[in-house]
Amino acid sequence: MTPEWSGSTPFRPLSTRVVGWVLLYSVAFTAVMTVALVGLHYWDERNEAQQQLHFAAENYRKSLASSLWELDMPTVRLQLDAIANFPVIGQAELTTSIGQTIRAGRYREPITAIRDAPSLEVPLISPDHPDHVVGHLRLYIDQSLLWRQLESDALRILGAEAIKGFVFGMLLAWLIAKLVTRHVSHIAQHVAALQPASLGTPLSLHRQQQSHHDELDQLTEAINLLHRRLHQYIATQTALEAELREHRDCLSEMVGTRTASLERLQGFHGLVIRVLTDFINLPRQDALPAVDQALGIFASYFGATRCLLLTQERGASGFIAVNAWPAACAGNASTTSPQVLPPIAVNAHGRLWVSTSAGMCHDDGWAAFLGDDTYTVLEIDVKDSAAGRLCLTGRAIGIDSDDARLLELAARVVSTMLNHQTAHASLLHTQHALQRVNEELQILSRNDPLTGLANRRHFDDVKDAEFRRAIRANLPLSVLMCDIDQFKRYNDTYGHAQGDACLIAVSACLPPLFGRAGELMVRLGGEEFAVLLPNTTGEQAALLAERLRQAVWALNLPHAASSVAGRVTISIGVASRCPALHADFDALLEAADRALYQAKDRRNRVVLA
Amino acid sequence: MRRWLLLCCGFAVAIFNPLVHAADFNVVFINPGRSEEPYWRSATRFMQPAADQLDIDLEVLYAERDHLKMLELVKQVTQRSNKPDYLIIVNEKLAGGEMLKMADHAGIKTLFAYSAFESEQSAAFGKPRQKYRHWLGSITPNSVDAGRLTAEELVRQALRAGVVADDGKIHIAAIAGDKATPTGAQRLQGAVATFAAHPSVVLEQIVHGNWDRARAQEQAHALMLRYPKLNAFWVASDLMAYGAIDAAQAAGRIPGKSMLFSAINNSPEVLRARIDGRIASLAGGHFTAGGWALVMLYDYHHGKDFKKFGLELHMPLFALLDHESAQRFLTRFGDEDFSSVDFRRFSRHAQPSLRRYQFGLQAILQ
């Protein structure tokens, strides 16, 4: 009936143990209850007995006192006997005031046990003389009766509790057997019968359908869940075993393939290292041939018919084939129009586009461009931007294959090469730019930014050299000092922006007049200009100055606030070098300044010093 | 006719059996006491010579102090085929009423002796010869006399012997009979009245000895302890007096010297005690009531009805027995043989000159 238990311990049903424990506890409980109840009963009995003592004493007190007073001793004895006949009274003792002691009850003689018993003593007072105590009545409880009652109580309680405990225990055992152990045994049998080969049917309890579910149902469900999982597990296991068997058969083949793959990988690594080593310290002019050579190595490694490196043309949406292997192809397909190739074909596979003759890739533009249906295109990062494409024709590499990873590596190598190349180009470009900027800077440092004429600093750098050259060569040197008349008023009238425009317009009149080598036009500051005229005499300079004044007049720039005319005019002071008068250029310039001061008297005129 | 027939029968018996006295009429006396009890024995002894002298067939049935047995005896007598002419009963323990009913129902003429109905019973039973036609009447000793006589004598003796307490008064305790029997109560009544009238007497307490010697002894013992000044015991009977004397002696008191006793009865023992001084005061004579009852029935039977003296005769049967009279009584009736008493002398039928009954102890002692 019960499932075999592998252990050496004997089988003991759960119900037996539960009953055993219940009986044990009920015995203990019974004992405790009995003691407690017996204790309570004892106190009740004792109190009851005390009350009866009081009752008896109070009942007989007067009559006894009366009889005793009248010395009616037979009556006294009768009454004492009657008192002693109370079941609880063990002994009634009457001590008269004249020293007599009369006892009645089950114990005629004073017994120690009786003496220790609870007692009650009442004085008996003469009916005729209230102050005369004729005796004392002392009643003792029959302790042995109490004990006997206690015994019978204890037995009764013990019996009742024992029966209760026994019945309760049996009921519990029956309930446990009916509700639990029967089903547990059934479950045990079911579980014991389970074999990995034959899991059999799911477990179900032999009991009526219930509206609720309990622990047994939970256990059953858990076992059934385990059953199902076991089922699944065994099915999976079987499949795996079959697969394993299959794998085992082709294991050696796989090992061979794998070894070949590893060897190939190793070869590729060597190849990459070689390519990179070649590239290090390569002069710039040898870079492109080196890239071509590398592409050739990759093409031969991957078994492709052609290998092209496309880079995105700056500012265009198409690609240009910078390098190619065989090198002949590079020239043929050197440029592609943007219409032929889309810039980036976004593909779920990321950076790799593969097309086989079966037409895996849907981008026909590439096929047309490469001239082959079967190709592999890989995106190449150059400085983190998708700047290039590595194309292999005549070879389709699987996206997840080892070759794809190797191709990726090759792409990085190519990317590095391209970067290298780009870095070179960039460096050259930068050098050109720097040179140009330097020139501009030089111009900026010598010229006034507003008018484009030389500035005061440049003038200061040049003036003394020109002066010394004029002294050495004994050549004439003239200088013009020009000032726009009432320019302050112009500014006030038309604003500074218009003022600046006026300055630009006036300064623009200078270059056409002073184009000879060595002639220097300077904006000294504000509306003041100077012109250094080497190898020019004073008369020639004055003539030129007059032409300048007229050119400004001809500009016809309106100047409403001018007191000279309704237009912008200038005054010019001219000075020419005179060895006697001018020790240095500043002296010459001072002379020109003085001439300008004279010119300013009437304005719009030229004064020669 | 019937009388003639009875006469013939009696005559025939007399002829054929000379040993059997041919009685005039027959009387059954239901004796409440025991046959060996001194008082009731002396009562019977006193009745017997009277019956003999007056030609009365007396049958005495002892109830052995059991009033239920008295009733039983009366019942038996009433059920007899040969019923007695008269029945003498005692209202002992107030059982007279039932006995009277039965006797009256049986048609037996009944006379109460020694004790008659109490007041409550009288109210229920009425007067003799009225509701109960066969109830002839009663003859009872004046028990109050007995109490008074003995009490007076006790005080006299105490004063004479100087047996008084340190307060100069005689402290007396009374041991009465029982509360039920009228005689006892009456005796006590006489004594109490006497003591109350005497200024030098302190009546400490009254107890009821129930005519029992041992009980009286116990009570006397207790009373002496309860009242240390006690000088005397008034005791309602001789037996109880003996008990009291025993108790006093046990307590170291000397009867007649340091403790005085009174008693009521006339048994030889008590007479001797009176003579030797242990009993200081003694009254007796009431035992004679039965004998006087026979005399009355004799007279009634012979047409001398006592109706004119009253149907319920309350006679001064008691007499104080002093040393001398006690001695005389003892000498004359010491053996309880009262045959020397001439009962016919007290009969109005036998002595037609007798104006009235002169029953009493004094009369027979003279």
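Nothing in this text is a laboratory measurement; each read-out follows from the coordinates by a stated rule. Not measured: the values here are computed from a predicted model. All Cβ positions, even for glycine, are placed from backbone atoms using ideal geometry, and neighbour counts span all protein chains on display.
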Item to complete: Take the Cβ-Cβ distance between residue A:217 and residue A:189 as r, set R0 to 30 Å, and report the resulting FRET efficiency rounded to the nearest 0.05.
Response: 0.95
Worksheet item: Modelled label-to-label distance, residue A:42 and residue A:229, 7 Å Cα→beta-carbon offset: nm?
Response: 6.1
Response to the item:
Summing +1 per Lys or Arg and -1 per Asp or Glu among the other residues with Cβ less than 9 Å from residue B:219's Cβ gives -2
Worksheet item: Do any trypsin sites (Lys or Arg not before Pro) in the stretch B:258-366 lie in a loop, going by DSSP, with at most 13 other beta-carbon atoms within 10 Å of their beta carbon, and if so which?
Response: B:355, B:356
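How big is the C-alpha Rg of the stretch A:413-504 next to the rule-of-thumb value 2.2 N^0.38 Å, as a ratio?
With N residues counted in the stretch A:413-504, Rg over 2.2 N^0.38 Å equals 1.92.
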Practice prompt. Go ahead and collect, in residue order, the members of the stretch A:511-528 whose backbone nitrogen is under 20 Å from a label point 7 Å along the Cα-Cβ direction of residue A:496.
Written response: A:523-528
Fill in: Spin-label model distance (nm) - residue A:14 vs residue B:227, 7 Å beyond Cα toward Cβ
9.4
Practice prompt. Taking the dipole about the Cα centre of the stretch A:1-102, with the C-beta of Lys and Arg at +1 and of Asp and Glu at -1, give me whichever of A:97, A:18, A:59 is farthest to the positive side.
Written response: A:18
Worksheet, complete the sentence: Check: C-alpha center the stretch A:22-78 vs C-alpha center the stretch A:583-603, spacing in Å is 157
Practice prompt. Project the alpha carbons of chain B onto their principal axes and report the range along each, largest first, in whole Å.
Written response: 76, 42, 35
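Any chance you could tell me what percent of the C-alpha pair distances in the stretch A:454-551 go past 24 Å?
25
When DSSP beta bridges are limited to those with both residues in the protein assembly as shown, what percentage is antiparallel, rounded to the nearest 5?
Values: 67 of 112 bridges.
In the protein assembly as shown, DSSP labels about 60 percent of beta bridges as antiparallel.
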Worksheet entry | Length added when fully stretched, residue A:436-residue A:423, from 0.36 nm per residue minus Cα-Cα | 2.7 nm
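Not counting the cut sites, what is the longest span of chain A without trypsin sites (Lys or Arg not before Pro) that DSSP labels loop and that have at most 11 other Cβ atoms within 10 Å? If you can, show how the numbers build up before the last one.
Numbers: sites that count: A:108, A:314, A:383, A:516.
The segment A:109-313 is the longest one with no such site.
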Practice prompt. Work from the charge dipole of the protein assembly as shown (Cβ charges, +1 for Lys and Arg, -1 for Asp and Glu, about the Cα centre) and give the residue of B:349, B:175, A:242 farthest towards its positive end.
Written response: B:349
Response to the item:
In deg cm²/dmol, rounded to the nearest 500, the helical mean residue ellipticity at 222 nm of chain B, built from -39500 (n - 2.57) for every DSSP H run of length 4 or more, is -14000 deg cm²/dmol
Response to the item:
Scalar couplings 3J(HN,Hα) for the stretch A:558-571 by Karplus 6.51 cos²θ - 1.76 cosθ + 1.60 (θ = phi - 60°), nearest whole Hz, x for Gly and Pro, are x, 9, 4, 7, 6, 8, 7, 8, x, 10, 7, 10, 10, 10
Discussion item. Filter B:69/B:304; B:127/B:179; B:75/B:127; B:93/B:127 down to the pairs with a C-alpha to C-alpha distance above 27 Å, please.
Written reply: B:69/B:304
Fill in: Percent RCO, i.e. relative contact order, over the stretch B:186-279, from Cα pairs under 8 Å lying at least 6 residues apart
24
Worksheet item: What number in nm² do you get for the protein assembly as shown if you take the convex hull of its Cα atoms and divide its surface by four?
Response: 124.3
Worksheet item: Using all Cα-Cα distances in the stretch A:386-429, what percent lands in each 10 angstrom bin from 0 up to the longest?
Response: 25, 44, 21, 9, 1
Worksheet item: Once the Cα gyration tensor of the stretch A:419-472 is diagonalised, what are the square roots of 5 times its eigenvalues, in whole Å and ordered largest first, as equivalent ellipsoid semi-axes?
Response: 38, 14, 5
Fill in: Dimensionless Rg ratio for the stretch B:172-229, taking C-alpha atoms and the 2.2 N^0.38 Å reference
1.14
Worksheet item: When the Karplus curve 6.51 cos²θ - 1.76 cosθ + 1.60 is applied with θ = phi - 60°, which whole-Hz ³J(HN,Hα) does each residue of the stretch B:273-283 get, with x for Gly and Pro?
Response: 4, 5, 5, 7, x, 5, 9, 8, 9, 9, 10
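Which net charge results for the neighbourhood of residue A:563, defined as the other residues with beta-carbon distances under 11 angstrom from its beta-carbon, given Lys and Arg at +1 and Asp and Glu at -1?
The answer is +2.
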Practice prompt. Along Cα→Cβ, 7 Å out, is where each label goes; now give me the distance between the ones at residue B:328 and residue B:94 in nm to one decimal.
Written response: 4.0
Item to complete: Note the per residue figure in Å³ for the convex hull of the C-alpha positions in the stretch B:262-301.
Response: 53
Discussion item. Could you work out [θ]222 nm for chain A from helices alone, using -39500 (n - 2.57) per DSSP H run of at least four and dividing by all its residues? Round to the nearest 500 deg cm²/dmol.
Written reply: -19000 deg cm²/dmol
Discussion item. Of all beta bridges DSSP finds with both residues in chain B, what is the antiparallel percent, to the nearest 5?
Written reply: 5
Fill in: Kirkwood estimate for the stretch A:199-239, i.e. one over the average of 1/r between Cα atoms, Å
11.5
Worksheet entry | Euclidean distance between Cα centres, the stretch B:83-113 to the stretch A:123-183, Å | 60
